[in-house]
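All remarks here apply to the structure that follows.
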Amino acid sequence: MASVWRRFILRPIANMFDGANAFFTKIRAWRLKKQVLGAATDKFIEILLRGMDLYFFTTPDDDFRRNLKDFDGRYYFKGADKAEKIRFSATFSNGDMQVHSGAIDDWDVMVTFKNGKALRDYIFSPKQDIFNSISENAVEVDGNLNHIFKFGFMVQDLMRRLGIE
Amino acid sequence: MPEIKLPDISLKDIRLTERVSELRKDYFKAMPEMCVERPRWVTRFAIENGLFKQDRISILDKARTYRYVLENRSPIALHNQACEKDAHTGKLKTFKLENKHLSLFAGSTTSKYKGVPLYPEFLAPAFWPELETISKRDRNPYGITDKEIDELNYDIFPHWIDDNILELTRKRMLRNNGEKHDVRGKKDPPDITLLKRLVFFLTSKPYTISHTIPDFSRAIKKGLREIINEANEKKNKTNDDDKKEFYTAIAEALEGIIAYSNRLANEAERLAKNERNSSLKQELLDIARINRRVPEYPARTFREGLTTVWICWIAIHLENPNIGLSLGRLDQVLYELYRQDIDKKTISIEDAVELVCCLWLKIGDHVPAIPDAAEKLFGGTGSNQAITIGGVDKEGKDAVNDLTYVILRATELMLLRDPNLNARYHLGINSDEYIRRLCEANIETKATPALHNDKAVIKALTSKGETIEQARDYGIVGCVEPCSNGRAYGHSASILLNLTSVLELTLFNGRHRHTGMNLLISEETGDPVNFKDFDEFKDAFAKQVRWMAEKTTSLNNIFGRTHQQFYPTPILSALFEGPMEKGKDLIQGGAIINSSGVTIIGFADVVDSLIAIEEVVFKEKRYTFPEFIEAMKSNFKGNDYNKLQIRLMDPKKTPKYGNEDPTADANATWLVDLLDKEFSEKRNYRGGHYRLGYWTMTIHAGYGRLTGALPSGRKAKENFTSGITPVSGVTPSLPQALNSVACLPSQSISSGMALNLKFTPEADKKKMLDNFVAYVKGYFDDNQGQRDGGMEIQFNITSHDDLVDAVKHPEKYPGLLVRVSGYTAYFKDLNPQMQKEIIDRTEYQLQSGKAIPYDPFPLSQTDS
């Protein structure tokens, strides 16, 4: 139901008003930029997922939305140690993305991270430093690694389209 | 025994021809570019034929896939453009190739001038997050266009999300007995988790098997048409459905190769038609004529023989990832054709050198795909395509011939990292002139060829059940692994074991500092603080080795089963001794010799740690075990621990491996024998056994970063030592270092070793060469059976100052070749950690035999 609301009502409205679209995008980009280029906090994953979600449903950019075509993927991001209260999930299906705060049981990939910086370093290129994340034991990944690779591309692609590089 | 007819075995009057010089210039200018051609065609075929829905990919599915690719991929007789780095902006851009001179061979491993082939069935999806940044990364960037990015992102990688070898294996492990239930929400099997932690071991099956030598002689002597006819005959004679399918697949795959060669011929003719320059026109027509002949029919000339090797090589790389596939004893396989042409005067020696040089450039027309995350472990590596020369033949006679020296000279002139030249030497059978020439080539090139001791290697191989004839016919695979040519499927890199992790598990009672003291990783073998003597420590260590052997081999075998189910190899099987006779693919055990290789990282660091524990804790009792552990945990910080560390690193105070010390040598031998015993008892999924090797690529630098301080006195995050080499800086005497390694039992090192030595270049080259030869011969000598003699040795002959300068000014040393730990690499392509490791290696003066002390090379904070 939420997907129908977003796809067939919210998105066309957002697309009707270029100004609204650009405004929301700018807000999200600003918040994302702070996390990506600055000190990533434990809010990193929430900001990233919600930013991606917003971009997916507001953007008229078909190329970016094409990333969702026929894609069925379920991601669970879980904080550990001091970040243990952080739980966010993202599901991709039917050409749409949904973000949930909380766990999902049927994830394709579960990422457990000690802090936002480690998670950012794990996901991102060119600053991507999986090796450091592993050497510091800061990120663990269970499940299908290919899903994380795809996710990493979508994040990179999003950053490029938002002008965050 | 062939007679040496060359007037001068050094061939020093032969230089690079204008053709090769120009081709070489373009080669060095060109940067690698990702190639989507293979993944495109493979994916398309899989979609159109429903392969993604199948529970199994048969050998016939694979053969049809490859035939489809070979019949559809671009037949490139001539590249028009390549990719270079802009000197001002540092960005990658295209440049036009002038093609004033043509290569003497057509065809290309990928669609690019210098390509990065992608294998989505393996780990190509690991590049997904980097697609938009890979052309801009600091080290070893790859060119890629926006269109190619889109194709990989939208049309190729999505299809393989659930279907590459790693994911198929993970699902296999979560589903028992072939069930099909959903694995979503299930944590990884413990062994996969262990693998993903990286610090314990790597297994290469998620990204390759390769690591073998095909039997080119059957393609050269028979031609592929005859092999197809044989396959059809055998198919008609058998009632076994699996064998019928096998032989059908062989025929299918080889028809694809023939089709590709003919398409190259068509393309060469098309270019010739439009070519105004008469000599270029004729060259293109020659290429067309040759490609119509071979590899379909037997080669009649040296050039046709080389073309057969080349076209088959392209096809083999279509099927098998470009890591460690090796070409074997080309000086043996092609000698008759070379000899015939030289004797008939249809080619000159200069022509032969030029042909080999052109082939070398073709062989090096690709690099392995290394994602940014793996740069720390594998950065700067080429495809490690080893070629082997010299040694003895199957009858034990001198096999060195004129072509041996032609190949050596070509390698000396070209200074390429790929192919990786390895030379066999049999003391007492091969001539002194030959070994002298090999040492001379090392001085000239600064890094190649690696030298292998036939006596010790043959002994090692026969101890593992090979016949003497099989063992004598060994070639080198990848880095340094001996492998019987065209009949041994040995996957020498199946397991890459960080031996220091076994030490950690012993020191911390089944736990590892990296994963935390609260997490039991292996078995509890006791807290060492309670051990009464060193034997108790060794028992605990042996138990951890046993545990690790069980874990790693069973995981490798599970991956192997996935390969059997989803990745048969019809092309390689067609060009191998065994599969045609058995009617069985290599992956099912079709080879004559089946084994799997384990290579050990951190050997010297662990040996020195064992020695330190024995001496300092148990013999001298100068420190208790708790104090020792505390010292390590604190990274030897604090006054007392600092003193301990200095004492541990001083070979005058603490015995070190590599100084002919009895305690040290005993520990080294014990360790080598223990590892061989525990692993060689295990069976692999093809019915063979595991073999041990000691070569480390650049992984010893990467693993060093993950590991804390060790009992040897090594501090946290410092590089491990490469191969089987003693730790840098603690072996002041060259003869003693050589003798310590030469005393190791070769039957326990049947998958090769890399002893990496650095010599100071000397002004008096003749004197240097005399000493060089003497040391090598002394090292290889078995002292009338009192020891086995050293198995392998390789060199860096660049001064310390030049290496340091090369770090600061890489643009001054674009082609500086170094020996890493097995293969050669360009120094500028190595990551900073690896460059430091090479700079810090013990450097010896050959004249005095003594090490020159240097301060450790400082690594900048951003690089450490």
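Wrap a convex hull around the Cα atoms of the stretch B:333-414, take a quarter of its surface area, and give that in square nanometres.
7.2
Based on alpha-carbon positions alone, could you give the equivalent ellipsoid semi-axes of the stretch B:348-475 from the gyration tensor, as √(5λ), descending, whole Å?
In descending order, the three semi-axes are 26, 21, 13 Å.
Along the three principal axes, how long is the stretch B:467-526 when you take its alpha carbons, biggest first, rounded to the nearest angstrom?
That works out to 52, 20, 14 Å along the principal axes.
Under unit Cβ charges (Lys, Arg +1; Asp, Glu -1), what dipole magnitude, rounded to 20 debye, does the protein assembly as shown have relative to its Cα centre?
Its charge dipole is roughly 1880 debye.
Kindly provide the pair-distance distribution of the stretch B:251-393 built from C-alpha pairs, with 5 Å bins from 0 and whole-percent values in order of increasing distance.
2, 9, 15, 18, 19, 16, 10, 7, 3, 1, 0
Cα-based Rg of chain B per 2.2 N^0.38 Å, rounded to two decimals?
So the Cα radius of gyration is 0.91 times the expected 2.2 N^0.38 Å.
Rank by packing, highest mean first: peptides B:181-188, B:346-353, B:774-781, with packing defined as the count of other Cβ atoms within 10 Å averaged across residues.
Highest-to-lowest ranking by the protection proxy: B:774-781, B:346-353, B:181-188.
Sequence gap at least 6, Cα distance under 8 Å: using those rules, report the relative contact order of chain B to the nearest whole percent.
14
Amide H to amide H under 5 Å from B:Leu757: which residues, 5+ apart in sequence or cross-chain, H placed 1.01 Å off N in plane?
Long-range HN contacts for B:Leu757: B:Gln794, B:Phe795, B:Asn796.
Using +1 at the Cβ of each Lys and Arg and -1 at the Cβ of each Asp and Glu in the protein assembly as shown, identify which of B:Asn420, B:Gly752, B:Asn266 lies farthest towards the dipole's positive end.
The Cα lying farthest towards the positive end belongs to B:Asn266.
Once R0 is set to 35 Å, what does the formula 1/(1 + (r/R0)^6) return for the Cβ-Cβ distance between B:Ile646 and B:Arg561, expressed as a FRET efficiency to the nearest 0.05?
E between B:Ile646 and B:Arg561, to the nearest 0.05, is 0.10.
Sorted by packing (mean other beta-carbon atoms within 10 Å per residue), highest first, where do B:222-235, B:12-25 land?
B:222-235, B:12-25
In percent, what relative contact order does the stretch B:533-626 have, based on Cα pairs under 8 Å that are 6 or more apart in sequence?
Contact order relative to length: 20 percent.
How crowded by other chains is B:124-136, given as the mean number of beta carbons from other chains within 10 Å of each beta carbon?
Neighbouring Cβ atoms belonging to other protein chains average 6 per residue here.
What does the net charge come to around B:Lys812 if you take all other residues with beta carbon closer than 12 Å to its beta carbon, with K and R at +1 and D and E at -1?
Result for the local shell: -1.
For the stretch B:1-103, report the convex hull volume of the alpha-carbon atoms normalised per residue, in Å³, without decimals.
Residue-normalised Cα hull volume stands at 230 Å³.
Please turn the phi angles of the stretch A:73-86 into ³J(HN,Hα) values with the Karplus equation 6.51 cos²θ - 1.76 cosθ + 1.60 (θ = phi - 60°), one per residue in order, whole Hz, x for glycine and proline.
Ordered by residue, 3J(HN,Hα) equals x, 10, 10, 10, 10, 10, x, 10, 6, 5, 9, 5, 7, 7 Hz.
Taking each residue of B:161-167 in turn, how many C-beta atoms of other protein chains fall within 10 Å of its C-beta, and what is the average?
Per residue, the number of nearby Cβ atoms from other chains is 4 on average.
Would you work out the Kirkwood radius for the stretch B:400-460? I mean one over the mean of 1/r across all pairs of different Cα atoms, in Å.
It works out to 12.0 Å.
Just to verify a number: FRET efficiency for B:Arg137 and A:Ala80, C-beta to C-beta distance, R0 = 51 Å, to 0.05?
FRET efficiency, B:Arg137 to A:Ala80: 0.95.
Explain nothing, just compute: Karplus ³J(HN,Hα) = 6.51 cos²θ - 1.76 cosθ + 1.60, θ = phi - 60°, for every residue of the stretch B:97-109 in order, whole Hz, x for Gly and Pro.
Those phi angles translate into 8, 6, 6, 6, 10, 9, 5, 8, 10, 9, x, 7, 4 Hz.
Multiplying the sequence separation of B:Asn277 and B:Glu627 by 0.36 nm and subtracting their Cα-Cα distance, what value in nm do you get?
Separation in residues times 0.36 nm, less the Cα-Cα distance, equals 118.1 nm.
Take the alpha carbon atoms of the stretch B:680-747, find their center, do the same for the stretch B:1-80, and report the distance between the two centers in whole angstrom.
Each part's Cα centre sits 34 Å from the other's.
Rounded to the nearest 0.05, what FRET efficiency is calculated for B:Lys582 and B:Lys394 with R0 set to 22 Å and r the Cβ-Cβ distance?
Approximately 0.55, to the nearest 0.05.
Calculated from DSSP H runs of 4 or more alone, at -39500 (n - 2.57) each and per residue, what is the 222 nm mean residue ellipticity of chain B, nearest 500?
Calculated from helices alone, the mean residue ellipticity at 222 nm is -13500 deg cm²/dmol.
In the structure shown, do any of B:Lys221/B:Lys582; A:Lys150/B:Lys29; B:Lys114/B:Lys171 have a Cα-Cα gap over 26 Å, and if so which?
A:Lys150/B:Lys29; B:Lys114/B:Lys171, as the Cα separations exceed 26 Å there.
Given a cut-off of under 8 Å on Cα pairs at least six residues apart, what relative contact order in percent is computed for the stretch B:546-703?
Over the stretch B:546-703, the number comes to 33 percent.
Per residue of the stretch B:578-587, in order, report the coupling 6.51 cos²θ - 1.76 cosθ + 1.60 (Karplus, θ = phi - 60°) as ³J(HN,Hα) in whole Hz, putting x for Gly and Pro.
Result, rounded to whole Hz: x, x, 5, 5, 8, x, 9, 5, 4, 5.
Under a plain spin-label model, where a point goes 7 Å from the Cα along Cα-to-Cβ, how far apart in nm are B:Asp764 and B:Ile47?
7.0
Output the peptides B:53-64, B:843-854, B:648-659 sorted from most to least packed, where packing is the average of other Cβ atoms within 10 Å over each peptide's residues.
Per-residue mean Cβ counts within 10 Å order the peptides as B:648-659, B:53-64, B:843-854.
So what's the gap between the Cα centers of the stretch B:823-849 and the stretch B:528-573, to the nearest angstrom?
Taking the Cα centre of the stretch B:528-573 as reference, the centre of the stretch B:823-849 is 31 Å away.
Which three extents, in whole angstrom, do the alpha-carbon atoms of the protein assembly as shown cover along their principal axes, largest first?
86, 83, 64
So for the protein assembly as shown, taking the charge dipole from beta-carbon charges (+1 Lys/Arg, -1 Asp/Glu), which of B:Val392, B:Tyr474, B:Thr842 sits furthest toward the positive end?
Positive-most Cα among the choices belongs to B:Thr842.
Relative to the Cα centre, what is the charge dipole magnitude of the stretch B:190-301, using +1 at the beta carbon of each Lys and Arg, -1 at the beta carbon of each Asp and Glu, and rounding to the nearest 20 debye?
Dipole magnitude for the stretch B:190-301 comes out near 320 debye.
Might you report the magnitude of the Cβ-based charge dipole of the stretch B:713-845 about its Cα centre, with Lys and Arg at +1 and Asp and Glu at -1, to the nearest 20 debye?
Computed about the Cα centre, the dipole is about 220 debye.
Go through B:Leu555, B:Leu503, B:Gly729 and say which Cα lies farthest out towards the positive end of the charge dipole of chain B; charges sit on Cβ, +1 for Lys and Arg, -1 for Asp and Glu.
B:Leu555
Please report the antiparallel percentage of DSSP beta bridges with both residues in the stretch B:405-516, rounded to the nearest 5.
Here the share of antiparallel DSSP bridges comes out near 55 percent.
Determine which aspartates and glutamates satisfy two conditions relative to B:Lys633: a Cα distance under 15 Å, and not lying fewer than 8 residues away in the same chain.
B:Glu504, B:Glu718
Could you work out the per residue convex hull volume over the alpha carbons of the stretch B:215-306, in cubic angstrom?
Output value, Cα hull per residue: 78 Å³.
Using the 10 angstrom Cβ neighbour count as an exposure proxy, how do B:Ser733, A:Ser133 rank, fewest first?
By the 10 Å Cβ count, ascending: B:Ser733, A:Ser133.
What shape does the stretch B:56-101 have by the C-alpha gyration tensor, where a ≥ b ≥ c are the square roots of the eigenvalues, rounded means a/c under 1.5, and otherwise prolate means a/b greater than b/c and oblate the rest?
It is oblate, given that a/c is not under 1.5 and a/b is not larger than b/c.
Summarise the partner chain shielding of A:149-155 as one whole number: the mean count of Cβ atoms from other chains within 10 Å of each residue's Cβ.
For this peptide, the per-residue mean of nearby foreign Cβ atoms is 6.
How big is the C-alpha Rg of the stretch B:571-713 next to the rule-of-thumb value 2.2 N^0.38 Å, as a ratio?
That works out to 1.46 for the stretch B:571-713.
Readers should treat all values here as calculations from the given coordinates under stated rules, not as data from a laboratory. Note that the coordinates shown come from a computational prediction; the quantities given were computed from them, not determined experimentally. Quick reminder, even Gly has a Cβ in these numbers, built from the backbone with ideal geometry, and neighbours come from all protein chains shown.
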